[in-house]
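Novice: Okay, handing you the structure first.
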Amino acid sequence: MTIHTIQLPDMKKTILTLTLLILAVSLVTAQKKITNLPDLPGYVTLKCDFHLHTVFSDGQVWPLNRVDEAIRDGLDAISITDHLEYTPKKDFIPVDHNAAWKLCEAYAQERNLILVHGTEITRKMPPGHFNALFIKDANLIAKDSVWDNFEEVIKQGGFLQWNHPGWKAQEPDGIPKLYDMHKRLIKNGWLHGIELYNDASHYPLVFSFCEENNITLIGNSDVHGIISERYKEPEHRPMTLVFAKERSHDSLKEAMFAGRTMVYFGEKLAGREEFAKPFFYQCVAVRKPYYQNDKTIFFEVTNKSDVPFYLVNGVKDAPAAITLEANSVTRVAVSKKVTSPLVYDVNNVITGEKKILQIELKY
Ligand code: ZN
């Protein structure tokens with residue numbers, strides 16, 4: 001065998017070097033957005049989207065692109081959940097309900113993204129659509145009867161999530177309802193999560209379903225097209241914030257079953273008070289007064305998070321409303337006439353079907 005060494009003219013060499021350099025750089029600099037959503041004491045906050053589609057059902061993108069999109073959005077975990085019963089591209093792409101998982105498993109691992117093996121059970125209402133998360137084999141879940149679907153998910157140790165329960169295509173009034181099959185699932189302890197938020201729809205009643213039956217609150221994008229087209233900057237995709245003991249697949253699973261989540265959509269957060277309150281105080285710090293005169297005390301409030309907070313219903317003589325912009329310091333002037341604690345309702349932090357968070361600014 002002869003090895004030919006080709007001498008390139010200098011210009012060509014430079015172009016080649018540049019091309020190689022660009023290739024090398026692009027391999028190591030897939031950019032990851034920094035999202036300012038703090039951890040809770042004792043837990044790490046994992047930013048997750050557990051409802052995504054690809055060309056393996058009715059989505060428009062290849063599975064690996066879902067991983068890239070998630071990294072760009074600064075997420076910690078995703079699940080690709082293609083429909084078991086709806087594979088409109090089957091004439092062009094062979095049906096394997098585990099294909100997205102197989103394609104992405106190593107790819108996600110190399111990029112430090114937690115990939116959750118998932119699929120979507122797609123039925124008429126009742127019972128509607130369900131994601132099966134943390135499963136082992138989606139092909140085994142594809143069965144004729146929906147109850148057999150559910151049984152197999154449970155057999156695999158999976159997490160069953162009821163999707164968009166008030167989806168207008170299935171519930172014309174947009175209001176989620178617990179049918180007999182849902183009650184049966186709850187009775188068995190098989191209904192682990194419900195989407196309070198999906199794509200652009202908020203189902204406030206889900207908060208009560210979850211509180212009454214010890215079910216985990218979830219929010220997802222359910223995206224079918226390209227994520228950056230669906231949620232244009234500075235918008236962000238809806239996500240589930242999961243409070244895990246550590247940043248790992250198994251810790252994520254433990255936290256999901258334990259119900260340690262909040263839902264982040266638009267400028268709103270929704271979650272049980274036991275998480276929403278410490279989360280607020282991790283985002284917001286009140287500094288000592290820097291100045292006062294005869295009538296007024298001045299202090300600053302720092303909000304280190306991407307979530308603005310809209311404080312309303314101020315006590316007598318205090319500012320009626322204060323907006324704590326995201327990643328900003330807000331100056332507050334309070335009259336010395338105020339004698340009671342500076343308590344506010346946080347208008348965009350939901351802690352129940354008809355409840356919002358109450359906090360106190362202690363300076
Ligand atoms: Zn879906």
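Novice: Go through P94, P127 for me and flag whichever is more than 16 Å from the ligand (Cβ to nearest atom) and part of a loop (DSSP other than H, G, I, E, B).
Specialist: Within the list P94, P127, the selection yields P94.
Novice: Right, next: Being in contact with a Pro (Cβ under 9 Å, 6 or more places away or on another chain) and at positive phi: is that true of G128 here?
Specialist: Against the criterion (in contact with a Pro (Cβ under 9 Å, 6 or more places away or on another chain) and at positive phi), G128 qualifies.
Novice: Filter segment 37-89 down to the residues that are closer than 14 Å to N220 by Cβ and basic (K, R), then identify the one that is nearest to the chain's Cα centre (by Cα).
Specialist: Among residues in segment 37-89 that are closer than 14 Å to N220 by Cβ and basic (K, R), the one nearest to the chain's Cα centre (by Cα) is K47.
Novice: A further question follows. Would you confirm whether or not segment 245-266 contains a residue that is in contact with a Gly (Cβ under 6 Å, 6 or more places away or on another chain) and either farther than 23 Å from I186 by Cβ or at pLDDT below 95 (or both)?
Specialist: Yes, there is a match, as at least one residue in segment 245-266 is in contact with a Gly (Cβ under 6 Å, 6 or more places away or on another chain) and either farther than 23 Å from I186 by Cβ or at pLDDT below 95 (or both).
Novice: Another question, if that's okay. From the set of residues in segment 111-124 that are away from the ligand (no atom under 16 Å from the Cβ) and in a loop (DSSP other than H, G, I, E, B), which is nearest to W147 (Cα to Cα)? If you could, list the steps in order and put the result at the bottom.
Specialist: Within segment 111-124, the subset away from the ligand (no atom under 16 Å from the Cβ) is 111-115.
Still in the running and in a loop (DSSP other than H, G, I, E, B): 111-113.
Details: R111: 37, N112: 35, L113: 32 Å.
So the residue we want is L113.
Novice: Further, regarding this structure: Applying the selection to segment 132-172, what residues are of a type in the set (S, T, N, Q), assigned to a helix (DSSP H, G or I) and exposed (fewer than 15 other Cβ atoms within 10 Å of the Cβ)?
Specialist: Across segment 132-172, the qualifying residue is only N139.
Residue-by-condition table, conditions (1) surrounded by 14 or more Cβ atoms within 10 Å (Cβ to Cβ); (2) touching a His at 6+ places or on another chain (Cβ under 9 Å):
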{"residue": "D180", "(1), (2)": "no, no"}
{"residue": "H202", "(1), (2)": "yes, no"}
{"residue": "E212", "(1), (2)": "no, no"}
{"residue": "S221", "(1), (2)": "yes, yes"}
{"residue": "I227", "(1), (2)": "yes, no"}
{"residue": "R230", "(1), (2)": "yes, yes"}
{"residue": "H236", "(1), (2)": "yes, no"}
{"residue": "D250", "(1), (2)": "no, no"}
{"residue": "Y264", "(1), (2)": "yes, yes"}
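Novice: Specify the residue that is nearest to the ligand (Cβ to nearest atom); the eligible residues are those in segment 146-157 that are free of Cβ contacts under 8 Å to residues at least 60 places away in the same chain and in contact with a Lys or Arg (Cβ under 8 Å, 6 or more places away or on another chain). First the steps, then the outcome.
Specialist: Of all residues in segment 146-157, those free of Cβ contacts under 8 Å to residues at least 60 places away in the same chain come to 146-148, 150-157.
Still in the running and in contact with a Lys or Arg (Cβ under 8 Å, 6 or more places away or on another chain): 146, 152, 156-157.
Values: V146: 16, E152: 19, Q156: 19, G157: 22 Å.
Result: V146.
Novice: A further question follows. Name the pairs whose Cβ atoms lie under 6 Å apart, with the first residue in segment 251-265 and under 11 Å from T216 (Cβ atoms), the second assigned to a helix (DSSP H, G or I) and of a type in the set (F, W, Y), and 6 or more positions between them or separate chains?
Specialist: Listed by first residue and then by second, the contacts come to M262/F275.
Novice: Next question, about the same structure. So which pairs qualify, if the first residue must be in segment 37-51 and in contact (Cβ under 8 Å) with a residue 12 or more places away in the chain and within 16 Å of the ligand (Cβ to nearest atom), the second must be of a type in the set (G, A, S) and part of a loop (DSSP other than H, G, I, E, B), the Cβ gap must be under 8 Å, and the two must be at least 6 apart or on different chains?
Specialist: Here the result reads D49/S221; H51/S221, each pair linking segment 37-51 to a residue that is of a type in the set (G, A, S) and part of a loop (DSSP other than H, G, I, E, B).
Novice: Something else about it: Identify the residue in segment 71-90 that is without any contact (Cβ under 8 Å) to a residue 60 or more places away in the chain and buried (at least 24 other Cβ atoms within 10 Å of the Cβ) and, among all such residues, is nearest to the ligand (Cβ to nearest atom).
Specialist: Here the residue is T81.
Residue by residue, here is whether (1) under 15 Å from E267 (Cβ atoms); (2) free of Cβ contacts under 8 Å to residues at least 12 places away in the same chain; (3) aromatic (F, W, Y) holds:
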site	(1), (2), (3)
F299	no, no, yes
S305	yes, no, no
K316	no, no, no
T323	yes, no, no
S328	yes, no, no
A333	no, no, no
K336	no, no, no
P341	no, no, no
Y344	no, no, yes
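Novice: Among the residues in segment 194-214, are any of a type in the set (D, E, K, R) and free of Cβ contacts under 8 Å to residues at least 12 places away in the same chain?
Specialist: The answer is yes; a qualifying residue exists.
Novice: Condition test on Q60, is it outside any loop (DSSP other than H, G, I, E, B) and not hydroxyl-bearing (S, T, Y)?
Specialist: no
Okay, residues lined up against (1) outside the structural domain of I34 (by TED's automatic domain parsing); (2) more than 16 Å from L37 (Cβ to Cβ); (3) among the basic types (K, R):
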{"position": "K304", "(1), (2), (3)": "yes, no, yes"}
{"position": "A320", "(1), (2), (3)": "yes, yes, no"}
{"position": "E325", "(1), (2), (3)": "yes, no, no"}
{"position": "N348", "(1), (2), (3)": "yes, no, no"}
{"position": "I356", "(1), (2), (3)": "yes, yes, no"}
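The values are calculated or read from the model by the stated rules, or taken from the named source; none is laboratory data. Since the model is a prediction, treat every value here as computed from it, not as a measurement. Quick reminder, even Gly has a Cβ in these numbers, built from the backbone with ideal geometry, and neighbours come from all protein chains shown.
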